[in-house]
Amino acid sequence: MLTGMNIAVLGGDARQLEVIRKLTELDAKVYLTGFEQLAHAYTGAVKEKLEDLPVKELDAIILPVAGTNMEGKLDTIFSNMQVILTEAFLKETPEHCTIYSGISNDYLINITKQANRKLVQLFERDDVAIYNSIPTVEGTIMMAIQHTDFTIHGSNVIVLGLGRVGMSVARAFHGLGAKVQVGARKSEHIARIEEMGLTPFHLSALESMVENVEICINTIPHKIITAGIISRMPSRTLIIDLASKPGGTDFRYAEKRGVKAILAPGLPGIVAPKTAGQIIANVLGQLLLDDLGNGRETP
Ligand code: NAP
């Protein structure tokens, strides 16, 4: 249990509701900032403005999945008020206070470093990334259905990258009856693709692989679908780019050529916010329990 722990949840979207539920179930004292418009009340959670938080007593701070923007602003779907996280605020917290975020940026990394506080990026963890690939795949299937006039079954699909998302996407489209080819650069990935019953190719051969592609799904966070590659694709091809912003596609050239290319970030939060929230809540709950078990004193 998290009895005696003071945890502030600062901003966020529907996914944080599962986190709040989990933390209150575990008996933490939870402070909610940026949730004034949330109608639901949770036993053990109180709504407070940032300036009214008992900052010197906080054991952990939970940020939205996206972390902060480059000015420290937090997304607050349940509030019209601005919530800005600063280095000065973090310096007021106890030394052991840990900051949890989905992803981070230079601003967040910098202020936590300057304040000498630990920052945990949940989406860097394999378990979170693998669980999160499940709603990502479902969102990708939804997009493929919405943006094509043919079935996935029997279609020519290329998946780029065999990481945590690429593997799940390739397997699911294969399961739906698509002819799936997967591009990777490591020989062990090529071997794994073959073992999965899919058609592997080395990324250096991408240009020669796209002539009949109908759906091209990118998971590589690097400019991979260049103008040269797009110029070899049929104009009816649908590109779904799952890689983090700005994606791996030359969107300007795709538009010029009339190839539909969609950058599709944050699919878990869109298609399955409850599940996506539970994934974060479960891992976060365990991390906080481990932290508490590692010598933190409770009153
Ligand atoms: P991952 O496990 O790190 O996989 C990334 C893949 O990209 C690996 O196969 C990696 O191959 C390859 N790669 C990276 N840089 C490359 C380069 N320069 N050239 C060629 N291949 C390269 O990451 P992931 O968890 O699968 O996530 C993939 C992307 O999807 C990330 O950008 C993530 O933020 C994003 N994502 C999006 C959503 C959404 O809703 N759209 C949801 C979850 C994740 P090597 O092993 O050879 O490096």
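Among the residues of segment 113-143, what is the count of those that are within 16 Å of the ligand (Cβ to nearest atom) and either free of Cβ contacts under 8 Å to residues at least 40 places away in the same chain or not aliphatic (A, V, I, L, M) (or both)?
Summing the residues that are within 16 Å of the ligand (Cβ to nearest atom) and either free of Cβ contacts under 8 Å to residues at least 40 places away in the same chain or not aliphatic (A, V, I, L, M) (or both) in segment 113-143 gives 18.
Any idea which residue in segment 41-66 is farthest from S244 (Cα to Cα), counting only those that are loosely packed, with under 13 Cβ neighbours inside 10 Å and acidic (D, E)?
The residue in question is D52.
Which residue pairs have Cβ atoms under 7 Å apart, sit 6 or more places apart or on different chains, and have a first residue in segment 172-189 that is farther than 17 Å from P221 by Cβ and a second that is within 14 Å of the ligand (Cβ to nearest atom) and at pLDDT below 95?
Pairs found: none.
Scan segment 203-222 and report the pairs whose first residue is in contact (Cβ under 8 Å) with a residue 40 or more places away in the chain and more than 10 Å from the ligand (Cβ to nearest atom) and whose second residue is among the small types (G, A, S) and part of a loop (DSSP other than H, G, I, E, B), with Cβ atoms within less than 8 Å and a gap of 6+ or a chain change.
E214/S155; I215/S155; I215/A178
Where residues in segment 144-167 are buried (at least 20 other Cβ atoms within 10 Å of the Cβ) and in a helix (DSSP H, G or I), which of them is farthest from the ligand (Cβ to nearest atom)?
If we take residues in segment 144-167 being buried (at least 20 other Cβ atoms within 10 Å of the Cβ) and in a helix (DSSP H, G or I), then A144 is farthest from the ligand (Cβ to nearest atom).
Would you please name the residue that is surrounded by the fewest Cβ atoms within 10 Å (Cβ to Cβ), looking only at residues in segment 248-270 that are in contact with a strand residue (DSSP E or B) (Cβ under 6 Å, 6 or more places away or on another chain) and part of a helix (DSSP H, G or I)?
Looking at the filtered set, the residue picked out is F251.
Among the numbered criteria (1) more than 10 Å from the ligand (Cβ to nearest atom); (2) buried (at least 17 other Cβ atoms within 10 Å of the Cβ); (3) without any contact (Cβ under 8 Å) to a residue 40 or more places away in the chain; (4) not aromatic (F, W, Y), which one does M196 miss?
Of everything listed in (1) more than 10 Å from the ligand (Cβ to nearest atom); (2) buried (at least 17 other Cβ atoms within 10 Å of the Cβ); (3) without any contact (Cβ under 8 Å) to a residue 40 or more places away in the chain; (4) not aromatic (F, W, Y), M196 misses just condition (2).
Return the pair list, or none, for Cβ contacts closer than 6 Å from residues in segment 101-112 that are within 13 Å of L63 (Cα to Cα) and modelled with pLDDT of 95 or more to residues that are surrounded by 21 or more Cβ atoms within 10 Å (Cβ to Cβ) and small (G, A, S), at least 6 apart or on different chains.
Once the first residue is within 13 Å of L63 (Cα to Cα) and modelled with pLDDT of 95 or more and sits in segment 101-112, its partners that are surrounded by 21 or more Cβ atoms within 10 Å (Cβ to Cβ) and small (G, A, S) give S101/G67; L108/G67.
Could you look through segment 51-67, keep only residues that are part of a loop (DSSP other than H, G, I, E, B) and of a type outside the set (D, E), and pick out the one that is farthest from the chain's Cα centre (by Cα)?
P54
Scan segment 80-112 residue by residue and report those that are closer than 24 Å to Q37 by Cα and within 16 Å of the ligand (Cβ to nearest atom).
Matches in segment 80-112: S101, G102.
The values are calculated or read from the model by the stated rules, or taken from the named source; none is laboratory data. Only a predicted model underlies this, so the values are computations on that prediction, with no experimental measurement involved. Cβ coordinates were reconstructed from backbone atoms using ideal geometry, including for glycine residues, and neighbour counts include every protein chain displayed.
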